[in-house]
Amino acid sequence: MAIKLKDKQKKHNRIVLTSKEKSELLIEGIVTIILLILLNLAMYMLLIQIVQSSLSIENMISNISTSIYDTFYSPTSYAWKKPIFFLLGIIDLSILYWRLIRRYRQMQQRHIISELHYISNGHYDHRIPFDLSGDSGKLIRSINALVDSTVEAIEEERRIEQSKDELITNVSHDIRTPLTSIIGYLGLIEEKKYSSDEELLKYTHTAYMKARQMKVLVDDLFEYTKVRQSNTPLSIMTFDMQQLIGQVVVDFELEASKKNVTVDFEASPASLMMEGDTEKLVRVFDNLLSNALKYGVNGKQIVIHSEKIGSEVVITVKNDGKEIPKQSLDLLFDRFYRVEESRSQQTGGTGLGLAIAQSIVTLHNGYIYATSENGWTSFVIHLPLKSTEI
């Protein structure tokens, strides 16, 4: 029987039966009552004949009509007739109740199946709206939970596919530009379209720099895919975080001085021992300082502050360059994302630095976020002092 589904999102405490189902339930009750009456009469006649067991088979059959008359018309009857009828009445009511409840539950299952078919036809935003008790309620909750997990899996698959498409698009864009330049300049050299050795060296140098640019992108892609895996092994060791940051700052002093930028490191306390993979953590600070120098437009100062708070170390890397728009802050750690929409390679970035940094921090069971306000753009890192890796 087809069931018309209305108002799919409305929550019902019980299943509302259709007119046809109510008629079916009524007919079921009437038929059951008739069958029970006939069964009771047969059982009653049988009991009478058992009581009068001295009668022969012929007499037993001939007395059935007399017994029926005595039961329904004769004012004088057996003393135990009323208790028997009372007992049979209780049994009848129990059977009738059981039959009607059984039929009603079948109708409930029919409604649930119809709702499930509705969902399976592509209406994944719908949930079975009935709030029932017992096994039917457990079944409905299980079905809704299954639909939720299925929808979540579908959405996750869509996000993965979209992410793969974006990865291919971005990698193609970032590789095609330098590759076109390399082919172009090498073509000029191949065809000897240069007027002097200085021009030849200029062509080869440009091709060399573009090749290095491609290598940086490939290396970053390789590093990104490694650190994105949750089972990436870490070389855990005990080290002084303040000393590690200080060494990274020293490595950037020359590049910062060329851009008239000062790099200040504030360590509190002066020594802070912790556990972690020093090689990967150095990559995090390299990426943050590189970004501050490349994208901190008109910035003159980079400040790194490291302190111990409870059982973790909190490191802040901030610069006084141009602030980042609020709508871009949550996207900074997406791969290939850049605040500059042109994806220009003039800055030399691949758009993977912050994504790699976030993945490394996550591998250490920490987290990183960015703020940009009051003239400062800050990247804040929280790392546990003790490694939980087994």
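The values are calculated or read from the model by the stated rules, or taken from the named source; none is laboratory data. Since we're looking at a predicted model, the values are computed, not measured. Quick reminder, even Gly has a Cβ in these numbers, built from the backbone with ideal geometry, and neighbours come from all protein chains shown. Accessible surface is based on the protein model in full, side chains and every heavy atom, while ligands, DNA and RNA are left aside. Shrake-Rupley method; radii C 1.70, N 1.55, O 1.52, S 1.80 Å.
Values as computed for the structure displayed
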quantity: Scope the range 86-100; condition open to solvent by less than 50 Å² (accessible area, probe 1.4 Å) and without any contact (Cβ under 8 Å) to a residue 60 or more places away in the chain; matching residues; calculated: L88, G89, D92
quantity: Residue that is most open to solvent (accessible area, probe 1.4 Å) [pool: residues in the range 158-210 that are of a type in the set (G, A, S) and assigned to a helix (DSSP H, G or I)]; calculated: S172
quantity: Residue pairs meeting the criteria (Cβ under 8 Å; at least 6 apart or on separate chains; first more than 10 Å from P178 (Cβ to Cβ) and free of Cβ contacts under 8 Å to residues at least 24 places away in the same chain, in the range 203-218; second of a type in the set (F, W, Y) and open to solvent by 40 Å² or more (accessible area, probe 1.4 Å)); calculated: Y203/Y185; Y203/Y194; T204/Y185
quantity: Residue ranges of strands (runs of 3 or more DSSP E) in the range 305-390 with at least 3 members surrounded by fewer than 16 Cβ atoms within 10 Å (Cβ to Cβ) and modelled with pLDDT of 80 or more; calculated: 367-373
quantity: Residue in the range 106-113 that is open to solvent by 90 Å² or more (accessible area, probe 1.4 Å) and touching a Leu at 6+ places or on another chain (Cβ under 9 Å) present; calculated: yes
quantity: Test: I128 is touching a helix residue (DSSP H, G or I) at 6+ places or on another chain (Cβ under 9 Å), within 30 Å of E28 (Cα to Cα) and not in a helix (DSSP H, G or I); calculated: yes
quantity: Check on F239, of a type outside the set (K, R), at pLDDT 90 or above, open to solvent by 20 Å² or more (accessible area, probe 1.4 Å) and touching a Gly at 6+ places or on another chain (Cβ under 8 Å); calculated: no
quantity: Failed item in (1) in a helix (DSSP H, G or I); (2) open to solvent by 60 Å² or more (accessible area, probe 1.4 Å); (3) among the aliphatic types (A, V, I, L, M), with A270 passing the rest; calculated: (1)
quantity: Boolean, V250 is open to solvent by less than 70 Å² (accessible area, probe 1.4 Å) and not aromatic (F, W, Y); calculated: no
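For every residue, the table says whether it meets (1) part of a loop (DSSP other than H, G, I, E, B); (2) farther than 25 Å from E312 by Cβ; (3) hydrophobic (A, V, I, L, M, F, W, C); (4) at pLDDT below 90.
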| residue | (1), (2), (3), (4) |
| --- | --- |
| Q213 | no, yes, no, yes |
| D220 | no, yes, no, yes |
| Q243 | no, no, no, no |
| G246 | no, no, no, no |
| V249 | no, no, yes, no |
| N260 | yes, yes, no, no |
| E275 | no, no, no, no |
| L281 | no, no, yes, no |
| V284 | no, no, yes, no |
